[in-house]
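A short reminder: the numbers here are calculations on the coordinates, not readings from a lab. Computed from a predicted model, the values in this text were never measured in an experiment. Every residue, glycine as well, gets a Cβ built from its backbone with ideal geometry; the counts of neighbours run over all protein chains shown.
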Amino acid sequence: MAEHLRTGEQGEQAACRFLEGAGYRILARNWRHGRDELDIVARMDDILVVVEVKTRRDERVALPEDAVDQAKQERLFRAAEAYLDKEVDEDLRVRFDVVAVIFEGAEARIRHIAEAFYPTNDG
């Protein structure tokens, strides 16, 4: 497995542990609809939380969360709509979060950005 894929997988595992420790229930990981993917789908009370995980070994060049640009957000919105249609049979509020994971050696530093962005009608 390529190093960046291994790093991403480790980041998602760290993000899941962090979210579970904070009381979230993980419903799905790497859920796909066509070419779109949701890294983590979690639930907290009556909120469905779509979590995009960005992992880096170094954040000196750019913050991990900066990689969640408008195009990525639109793909997440599309995938979340598909997830709701296919997997959810109740009315839940949906929230989009970003979890930034920065590995410093073997230690993971985690930054959870709740309500990181919102769906828009721009496109």
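Remarks
- Tensor-based shape of the stretch 9-81 (alpha-carbon gyration tensor, a/c under 1.5 rounded, otherwise prolate or oblate): oblate
- Here is the list for the stretch 18-123: trypsin sites (Lys or Arg not before Pro) lying in DSSP coil, each with at most 16 other C-beta atoms within 10 angstrom of its C-beta, are R35, R57, R60.
- DSSP bridge pairs, the stretch 3-117: antiparallel proportion in percent, nearest 5: 65 percent
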